[in-house]
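So the structure is just underneath, and the comments pick up after that.
Where a number appears in this text, it was derived from the coordinates with a stated rule and is not lab data. Quick caveat, the model's predicted, so the values are computed rather than measured. No Cβ is skipped: glycine too gets one built from the backbone with ideal geometry, and neighbour counts run over all protein chains shown.
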Amino acid sequence: MAQGHGQQGILKYVWSTDHKIIAMQYLFTGMFMGLVGGLMAYVFRMQLAFPGISVPGYGVVSPGEYNALITSHGSIMIFWVAMPVLIAAFGNFLIPLMIGADDMVFPRINRLSYQVFLLSAILILASQFVGGGAFGGAWTSYPPLSANPEYNLTPLGATIWLLAVALEFVAFLLGGINFIVTLMNARAPGMKAYDIPMVVWMIVIASILFMLSVGPLIAGAVMLLFDQTLGTGFYDPARGGDPILWQHLFWFFGHPEVYVVLLPAIGMVIDIVATFARKKLFGYKIMLYTAVATGVLSFFVWAHHQFIAGIDPRMANIFTVTTLLISVPIAELMFVIIATLYGGSISLKTPMLWALAFVAEFLIGGVTGIFLGASGADVYLHDTYFVLAHFHYTFFPIAIIGTFAAFTYWFPKMFGRMMNDTLGKIHFWGTVIPFNFIFIPLFVLGLAGHQRRIYNFNNFPELEPWRWLDVVATTALIVMLLFQILFFYNLFHSMRKGPKAEKNPWKSNTLEWTTESPPPHGNWPADQMPRVYRGPYEYAHADRSEDYWPQNLPN
Amino acid sequence: MVERLILQASSYAQSIDGLIMLVAALAGFWFFLAEGVFFWLIWKFRAKPGVGSQYITGEEKHLKRWITIPHALVLVCDVFIIVGAVQVWYNVKQHLPEADATVRVIGQQWAWIFQHPGLDNQLDTADDIWTTDDLYVANGRTYHFQLQSRDVLHDFSVPVFRLKQDAVPGRTITGWFQPTRSGTFDIQCAEICGIGHGVMAGRIHVQDESEHAAWIAQHSSVSAQ
């Protein structure tokens, strides 16, 4: 397959079919987009804390620009950061290496996937500069606002936004097919279902969820595109259409999407926790089946986003039940990770700090979701800053904390060098502490009645007493953004000058640690492809003197 | 606790805040328990020289209990929350009590239009009172509102009432509220509706019965002429 396809020069980086290069393309594109999304947050948070200020480095934020910034921030962070980094970058890098394959099953589809993704990223960035400005109808893009340029005043921005999102879906469908087929067909000899590392399972389950949920939204997006450009009336009530139809299609995708990004992060956290606690995962099968159950349930909760949207009020009762039920498997996933710590020998290296922070912070996101799933409470909390703080307490642990955990853990394998652990820890605390200072105040603001997506709260005198919390949140955001400089310094410095990494610096069991750091094209020499003899989490096994037992060792 | 952040001014505000507190108590219990156990384990099983880790699969029955028992207890808590949530929801959104008066609320880019009944207490008659951005109601009376939109989605939100409802073009959505406190309060648009979304603020003036009667008498006659 991939053997003998080694490319030279610049082509190696831009036209490669090697899964590791494609992973790096996704990773660095995602990181760049993350910086863009983060800086957008800086601009609109400044406007919220100090309305009307000329934001340093940007200028005065107009209401149209404000709406465009929050819309782009949300869209970019979900579609161009969380998905490419968690699923595409780590899925591409880890799946072949962890199942002992020389590459993906469809390397050219893989290359196409990234190229389509890159095009979508260029489109969403370009939409910031078109006449009328970028789309400002929120990342949920509800019609009629999104469907009619007379309402949104961004004729080009709205359509480009939609095309960019649709292309991104195409990229992930191509990538997802590849992940699923690769796991099914390219496993090393001896690797049975329960020998597959959890992160691989999770990325593949996430890909399946994505493929099952995105279809209706693509249909919806085509109808929205026709409404925008051809003047059809799928969402226009004056012509027999229904705006709420879009909401159903969007959230039928949108809620499983939460688990599409959550599951890979949980998988990474599990692998890291097992390694640094020197512990077998507590209840491998419980974990796996719970993740599947979560995925199935996630298809039956979507309308909890629409309790007050004008749906039949009786429907809310059903979705309250399903939504609260999903707290059971999610709690269980957390319990399993926590139980894995019992009896361990825990060392707090940088990747482990991130992995543990994921659990500690995600729990806040989890329990605050229950307030919103309870229909009676959502009547008040819907679309307040409470919602915003809640999903940032889920997405930030997933997309940022989870990514840093995975990145610092697999960095030696990716680049063949070690990162600086002290700088890593400073960066960790400099990110996690400000994160809480951003979003805990926003929970309070939400309970006090602050609505989302309001450009300037001065029109709402009732909210005045708590406005100082906006200043706290914005200050914390700036501190957090500044600490990222440290990360990029550590990254680029260690990439070139860090101490050389051995094959298996963390003394871990999974197959990616049995090849060189970084792995050569084809991952292993052709005559040394690994065989698998046991599961991925055999730490401290009684039959072995060392406290880890790599999957590829016969005994 | 919510009422310390923002007043309660409708008959159902207290029950919604009560539900929020019920969830806070139940979810808070699990949250602090999980975080407590979590940090305790990290401390207790920190790496110590010469002490290895234990081999525990978690597959045996007596070990699975550590997951299945909390699992069942979480489910029990969920049932309590579901019952509370459905009860509150039913009273606020599903059940429509008899109204003393009906007002029409119309959202448009970017203003609220309010249609009050005049002296005859009937909508769509000649003496209706039309206002923009200011809604006048009497304290203690039960109101139905008929919510409409002229263009895009809006959301009629009165935080002190704990009331929120989307306005959808092409539909009339009927809901209710009963003010319990006199004063002037914020009305927000809570669904993004374009560049003027942030300025789409209104005020609801909850008046005493006599004050409100006088207001109607004064404006109704003006409208009827």
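Of the Cα atoms belonging to segment A:306-414, the radius of gyration and Dmax stand at 17.2, 54 Å. Measuring spread by the Cα atoms of chain A yields a radius of gyration and Dmax of 23.3, 75 Å. Summed over qualifying helices (DSSP H, 4 residues or more, each -39500 (n - 2.57)) and divided by its residue number, chain B shows a 222 nm mean residue ellipticity of -12500 deg cm²/dmol.
Annotation for segment A:496-513 versus segment A:38-62: alpha-carbon center distance of 42 Å. Estimated from the Cβ-Cβ distance and a Förster radius of 22 angstrom, the FRET efficiency linking A:Asn185 and A:Ala526 is about 0.75. Residue ranges B:168-178, A:444-454, A:180-190, A:48-58 sort as A:444-454, B:168-178, A:180-190, A:48-58 when ordered by packing (mean number of other C-beta atoms within 10 Å per residue, highest first).
Once R0 is set to 56 Å, what does the formula 1/(1 + (r/R0)^6) return for the Cβ-Cβ distance between A:Ile440 and A:Leu230, expressed as a FRET efficiency to the nearest 0.05? The partial results should precede the final answer.
Working: r = 47 Å, r/R0 = 0.83.
Step by step, r from the Cβ atoms, then E = 0.75.
Pairs of Cα atoms under 8 Å, at least six residues apart: use those to get the relative contact order of segment B:107-222, whole percent. So the answer I get is 32 percent. Could you tell me which of A:Leu263, A:Leu423, A:Gln25 has its Cα farthest along the dipole of chain A towards the positive end, charges placed at Cβ (Lys, Arg +1; Asp, Glu -1), taken about the Cα centre? Of the candidates, A:Leu423 comes out farthest on the positive side.
Please report, in debye to the nearest 20, how large the charge dipole of the protein assembly as shown is about its Cα centre when each Lys and Arg carries +1 at its beta carbon and each Asp and Glu carries -1 there.
3200 debye
Of all DSSP beta bridges confined to segment B:101-224, the antiparallel ones make up roughly 70%.
Over chain A, DSSP H runs of length four or greater, each weighted -39,500 (n - 2.57), average out per residue to a 222 nm ellipticity of -20500 deg cm²/dmol. Expressed to the nearest 5 percent, the antiparallel share of DSSP beta bridges inside the protein assembly as shown is 70 percent.
Highest average first, the peptides A:415-428, B:7-20 ordered by how many other beta carbon atoms sit within 10 Å of their residues are B:7-20, A:415-428.
In percent, what relative contact order does chain B have, based on Cα pairs under 8 Å that are 6 or more apart in sequence? Don't skip to the answer; put the middle values down first.
Numbers: 380 pairs, mean separation 48.8, N = 225.
In percent, rounded to a whole number, it is 22.
Inter-label distance, B:Phe32 to B:Glu209: 4.5 nm, where each label sits 7 Å from its Cα along the C-beta direction. Angle of helix A:313-325 to the longest C-alpha principal axis of chain A, folded into 0 to 90 degrees and rounded to 10: 20°. Straight Cα distances below 22 angstrom link B:Lys48 to the lysines A:Lys279, A:Lys280, A:Lys349, A:Lys425, A:Lys507, with same-chain residues fewer than 8 positions distant left out.
Report, to the nearest 10°, how far helix A:350-373 tilts away from the longest principal axis of the Cα atoms in chain A, using its own Cα long axis and a range of 0 to 90°. That helix lies at roughly 40 degrees to the long axis. Segment A:81-118 and segment A:187-229 have Cα centres lying 13 Å from one another. With a cut-off of 18 Å, note down the residues of segment A:289-322 whose backbone N falls inside the zone around a label point 7 Å from the Cα of A:Ala219 toward its beta carbon. Once the point is set 7 Å along Cα→Cβ of A:Ala219, A:299-303 turn out to lie under 18 Å by backbone N, inside segment A:289-322. From Cα pairs below 8 angstrom and at least 6 apart in sequence, can you work out the relative contact order of segment A:20-528, rounded to a whole percent? Rounded, it is 15 percent for segment A:20-528.
Between helix B:209-224 and chain B, what is the angle of the helix's C-alpha long axis to the longest principal axis, kept within 0 to 90° and rounded to the nearest 10? Result, in degrees: 50. Across segment A:81-91, coupling constants 3J(HN,Hα) worked out from phi with the 6.51/-1.76/1.60 Karplus curve, θ = phi - 60°, read 10, 4, 5, x, 6, 5, 8, 6, 5, 6, x Hz, and Gly and Pro carry x.
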